[in-house]
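The values are calculated or read from the model by the stated rules, or taken from the named source; none is laboratory data. Please read all numbers here as calculations on a predicted model, not as lab measurements. With ideal geometry, Cβ positions are generated from the backbone for all residues, glycine too; neighbour counts draw on all protein chains shown. All accessible areas refer to the heavy atoms of the entire protein, side chains included, with ligands and DNA or RNA removed. Shrake-Rupley method; radii C 1.70, N 1.55, O 1.52, S 1.80 Å.
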Amino acid sequence: MDFDKFTFRQIDADTRIKSFDCGDADLNDFLISDAVNYYKSMMALTYLLEDNEADKTVAYYSLLNDKIVFDPDEKKLWNRLNRRVANSKRRKEYPAVKIGRLAISKDYAGKQIGRAILLQVKHIFATMRRSACRFITVDAYAAAVPFYEKCGFMFLSDKDKHSPTRAMYFDLINFPD
Ligand SMILES: CC(C)(COP(=O)(O)OP(=O)(O)OC[C@H]1O[C@@H](n2cnc3c(N)ncnc32)[C@H](O)[C@@H]1OP(=O)(O)O)[C@@H](O)C(=O)NCCC(=O)NCCS
């Protein structure tokens, strides 16, 4: 895959969205109909990877601020998360950034683009410290859970084991080690 021919940009109020189909109607519809409105309302910021030659959207993801909150029913998973936080900094809540949506076009799936996008998000939030953000969170579609696990994400809860989405997190503290 020749990544050089792709361009990356942040959505704004005037963005014209290039055609996109990831195979999931809700994710397609968000990009085509709602992403610009979310930008205008300051509720989620969407990033686009585009193939200008083909006039297509290759992939998109949207980000919003989040926090991870201690759930007393999930002590075991919480202890695993907390172990990597210095004793004096342990809290019941931690700052995070949420991947609200992430989707790759069917035409470009399975070419390591999803992994590369997550690497980029990890890099940005681990290095550009404008506001402290310890974790990346995502409510992963059940079908995408193995993808997030391969990219180092862990489960936040066991309660959603049989739900359509699972809450997952990535700890940025030692990235990229
Ligand atoms: C799930 C999705 C984001 C993955 O992106 P992608 O660019 O196709 O994935 P990559 O090529 O970067 O895959 C990275 C690794 O995850 C694995 N992987 C990707 N999707 C997977 C899946 N659905 N099930 C199991 N493993 C998967 C790949 O095999 C690869 O493993 P490897 O490095 O050992 O070879 C993409 O296919 C997609 O948008 N799907 C439809 C919408 C969706 O479910 N979005 C997630 C919403 S939370």
- Any idea which residue in the range 96-109 is farthest from the ligand (Cβ to nearest atom), counting only those that are more than 8 Å from the chain's Cα centre (by Cα) and open to solvent by 60 Å² or more (accessible area, probe 1.4 Å)? Asp107
- Message: Looking only at the range 5-26, filter to residues that are outside any loop (DSSP other than H, G, I, E, B) and of a type in the set (Phe, Trp, Tyr); which one of those is most open to solvent (accessible area, probe 1.4 Å)?
- Response: Phe8
- Task: Taking His123 as meeting all but one of (1) surrounded by fewer than 14 Cβ atoms within 10 Å (Cβ to Cβ); (2) within 22 Å of Ala25 (Cα to Cα), write down the number of the exception.
- Result: (2)
- Could you tell me which residue of the range 110-145 is nearest to the ligand (Cβ to nearest atom), considering only residues that are in contact (Cβ under 8 Å) with a residue 24 or more places away in the chain and among the hydroxyl-bearing types (Ser, Thr, Tyr)? Tyr141
- Note on the structure: The number of residues in the range 128-177 that are under 21 Å from Arg83 (Cβ atoms), open to solvent by less than 60 Å² (accessible area, probe 1.4 Å), assigned to a loop (DSSP other than H, G, I, E, B) and not hydroxyl-bearing (Ser, Thr, Tyr) is 8
- Task: Out of the residues in the range 27-52 that are assigned to a loop (DSSP other than H, G, I, E, B) and at pLDDT 95 or above, state the one that is least open to solvent (accessible area, probe 1.4 Å).
- Result: Ala44
